[in-house]
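One structure below.
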Amino acid sequence: MPATTFSLDHSTPGITAIDPRGLVIRNVAYCRTIAGGKAQPRVTRQRYNHAAQQVANWDPRLWELADTESNIKANLTTLYGLPGLALMTDSVDSGWRLSLPNEAGEACLTWDSRGSRRHTEYDTLLRPVSVTEQGIDSESGTVERFTYADGSSQSAEHNHRGRITRHDDTAGSKQISGYALSGQVLSETRRFLKQLQTPSWPVELPLRDELLKEQAFTSTSLHAPIGELLEQTDAMGNRQRHQYNVAGQLKQNHLQLKGSREKTLLSAIRYNALGQVESETAGNGVISSFQYRPEDGRLIHLFAQRTTDSALQDIRYDYDPVGNIVSINDVALGTRHFNNQRIEPVSTYRYDSLYQLIEATGRESCSPANGSELPHYQPLPSDPNQMANYTQTYEYDSGGNLEKLMHVGAQQYSRAMMTAINSNRSLPLPDGGRDPDFANSFDPNGNLKHLQPGPDMNWNLRNQLQEITLATRPDSANDSEWYVYDGGGQRVRKVRTTQAKSVSHIAEVLYLPGLEIRTDSANDQVLHVINVQAGRINVRVLHWETVPPKDVENDQLRYGLSDHLGSSTLELDEQAKLLNQEGYYPFGGTAWFAARSETEGKYKTIRYSGKERDASGLYYYGFRYYVSWWMRWLNPDPAGAVDGLNLYRMVRNNPMTLVDENGLRPGDKMPPPVPPRPPAVPPRPPVRPSNDSMSSTQPYALASTIPQSVTEKKFESEALTAKEKVTRTRSNEYIHPHKKSHLTKTKSLEFINTIGTNNDFTPKRITVLDSYIQNPAPKNTVFSLSKRNEKYEFLSTHAAESPAPPKNIKGEIIFVIPYSNPFGVLSSIPEGAGNTELKPFEVHGHTSISNREDVLYAGKIYLDDDSKLQYWDNGSGHYKPDVSLHISNIPPALRELLPPDKFKPYDRSKPRSIDIARGYIF
């Protein structure tokens, strides 16, 4: 590690200031970009009301400007109602949102700064039955309707009781004809709308069916008893099959095309003791191996090789002490010489003291693309005379917005960006020194209306990109691309219209489970793309229903090898021959691309970070589109300020270490596993001050003298186990990593694309607030809380428990909802509850049943002698959940178990007893 790195980070602490209530009011970080230079303070400010609710937030840039500019607002302002629910938010990036809940706390009416209105109607079980939307210049229309099964025996035959059977949404209609016992969908049928625009769905089913195309696409799946996906058959009859070992880890992947024999796509997977893949063999014989750093489990060597040939990938990773990648060396690419340059396959990265990338070096094509275009096609093997070294430097403002990019390489260029003074909305600086027109370039919700220079864009009422103009003609129709999304906010249809002389050509893509159906009227082509994720390898099969193009055989298997970010760097055929090869700039632009043939190269659609690149050059991430040449998102984060107050910033300006899976928040693609720390003897807590020096009503906490940031960092390594990987059976259903990802996508993110932001369930992580964490409770004392006929009962979470769960539970019990598994309630009997029958099952407290993990909620439940619910509260001395979260943070699936109308706020002003031996606050 160069010595300059240590001087760069010298004297750059993180400082947290708290008020007398223990609330964080300032966060101070220090930014230094040059070793030995002066560190610039970055102050983030929070303001609270009398109820300790956060009402205003400033990032460092706007907080600094507020001292000199009177019209500078806070980045985020929040207004709360009497029950503690956030009713209105006002963001300088995404505009204002007003949401009015019903009596049960469900979002009922929503307005936003574009003048859009949304009304959600619920039934008596608080299930949504219809969604009505209205724009400022459009009529009101019912854009979604939900149909549920009744309680009949016929519905029970397919596990339908109370579950959704039909969902008419903004793309068409989805009908579900069966559920597994574990809740997964077994069979679903999708029908698309005849038109691209969303209609107003009528109440009568026959009238709804008239709006749909005749063709229906049915996908089926088969699951193991604990939820693992065993088989999936797509709408065209292609079957995927997955096998797992006894630990629930993927063992093999198979694919059987309709009418063909089954093929093995992945096998011989070997895992280390921490569950990381050490080696795997693809169906084309390519063996991939992985080596990890012993001290922290970070990937240091990725190697892929044909069985009897030279290496395809030989990537060496080097990190700084906090885990930022500082160099990548792909030895398999070899060293080249051209134009008096030694062009090595080494990329280096330099960061400022806030871990923002400020310099990168690598190699690029001699004909690079500067903007939305791809570089010129190069045939394989690539010409060594077509490569050159490059260096890119980046400058950011104090809000994290890119100010300037300097590129020195085969071509020299720079890109200057200007950010609006009162927000983080940013645009390229036009030639001539004029300021960009921010007012006309963004709508009130912060959606970009024009790529400058470039196409116009239209957005639907849910702030989803609906149409983008690819070419403008004054005397004829424009070329455009139209996007259609389902009720969960995921793109399911793409239609591109182009003009050629006097005829219009239409190219359409339908996205179905495991399948893409691509049609193009220009060449009468019908292509089915079967998608299989086999370990780190993405396998795509190109099956033409029509005559395949020249140079491409039908049913071509493409094995995509990726790097640590999931970016597709190599594609191989079934014989492990190279189809194409691609390298990327740090923020996602293509630095070079070579293919076996130009025709085969055109069928590569999955590129940077494993995402699809559209004709416009934008990358589709699931909930947002990414502009790689601007290094920022196209519109504000629909999840809100979950990753900072700059809602346009991409992966915290650290693109080589972090990746965004769906456009909502960044994370580590391959997080290092952190083994659980052995329990330690707790320190003696400080003596509580007497009433002479402290009011008896003043809250007391063992961590009151420790800044919040210190406490969070202290337990960060332990929490990572829960955040990134589920490894323990802690509920009535074991959640494997692949299933956890599916649940997150289908549950937590299901309602994110509404007017403004998520109006149903966006989980907020609650971390441990007290300095002491209890030892984990024995497995046979932690139970899954269930409800039957109004009576509550304990279910075992451990297959070999002894003794059996207690019956007829009553009195006070404690509970947590784990963040890693938000669809179950873990509960037990608190120590000192006073119930002799339940004495053997008592535990120390909340962190002992949560196993020291972050939670969505924690509190106490009070049952009468008949095990029926009296009320529940937020009484937890270690998590201290906010009162308002009893509605907003409880998943809809658990609201029958924890009904909002039975909630009573816990009185934290009353004196609490302290167990001196364990430091537990009761």
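Any read-out appearing in this document is the output of simple, stated calculations on the displayed coordinates, not a laboratory observation. These numbers were taken from a predicted model, which means no experiment stands behind them. Ideal geometry is used to build each Cβ from the backbone, glycine not excepted, and the neighbour counts take in all protein chains shown.
Below 8 Å, C-alpha to C-alpha, sequence gap of six or more: please give me the relative contact order for the chain in percent.
Relative contact order of the chain: 8 percent.
In order along segment 133-146, the Karplus-derived 3J(HN,Hα) couplings, from 6.51 cos²θ - 1.76 cosθ + 1.60 at θ = phi - 60°, round to 10, 8, x, 5, 10, 9, 7, 6, x, 7, 9, 9, 9, 10 Hz, and Gly and Pro are given as x.
Across segment 61-72, rounded Karplus estimates of 3J(HN,Hα) from the backbone phi angles (6.51 cos²θ - 1.76 cosθ + 1.60, θ = phi - 60°) give 5, 6, 5, 5, 5, 4, 5, 10, 10, 7, 9, 7 Hz, Gly and Pro being marked x. Rounded to whole numbers, the Karplus 3J(HN,Hα) couplings from phi for segment 532-546 are 9, 8, 10, x, 8, 8, 9, 9, 10, 10, 9, 10, 8, 7, 10 Hz, using 6.51 cos²θ - 1.76 cosθ + 1.60 with θ = phi - 60°, and x at Gly and Pro. Take every Cα pair under 8 Å whose residues are at least 6 apart in sequence, average their separation, divide by the length of segment 1-104, and the relative contact order is 14 percent. Any idea what the dipole of the chain comes to, in debye rounded to 20, about its Cα centre with Lys/Arg Cβ at +1 and Asp/Glu Cβ at -1? In total the dipole reaches around 1480 debye. Values of log10 I(q)/I(0) for segment 3-209 across q = 0.16, 0.17, 0.18 Å⁻¹ run -1.08, -1.16, -1.24, by the Debye formula with one identical scatterer at each alpha carbon and no solvent. Put simply, the amide H of residue 399, placed in the peptide plane, has neighbours under 5 Å in 61, leaving out anything fewer than 5 places away on its chain. Under 5 Å from the amide H of residue 178 lie the amide H atoms of 186, 187, each residue being 5 or more positions distant or on a separate chain, with H modelled from the backbone and absent for Pro and chain starts. Considering only 581, 546, 464, the residue lying farthest towards the positive end of the dipole of the chain is 581, judged by Cα position with unit charges set on Cβ. When restricted to Cα atoms, segment 228-667 yields an Rg and a Dmax of 22.0, 66 Å, respectively. Available extension along the chain between residue 555 and residue 50 is 175.2 nm, counting 0.36 nm per residue and deducting the alpha carbon span.
The sum of -39500 (n - 2.57) across all DSSP H runs of n ≥ 4, divided by the residue count of the chain, sets its helix-only mean residue ellipticity at 222 nm to -1500 deg cm²/dmol.
Loop-located trypsin sites (Lys or Arg not before Pro) in segment 499-570 (DSSP state not H, G, I, E or B) with no more than 11 neighbouring Cβ atoms inside 10 Å: 501, 550. From the largest down, segment 24-139 spans 64, 36, 29 angstrom on the principal axes of its Cα atoms.
Between residue 108 and 100, 102, the built amide H atoms are under 5 Å apart, and every one of these is 5 or more places off in sequence or on another chain. Taking the charge dipole of segment 3-209 about its Cα centre, with +1 at Lys and Arg Cβ atoms and -1 at Asp and Glu Cβ atoms, the residue from 91, 44, 203 reaching farthest to the positive side is 44.
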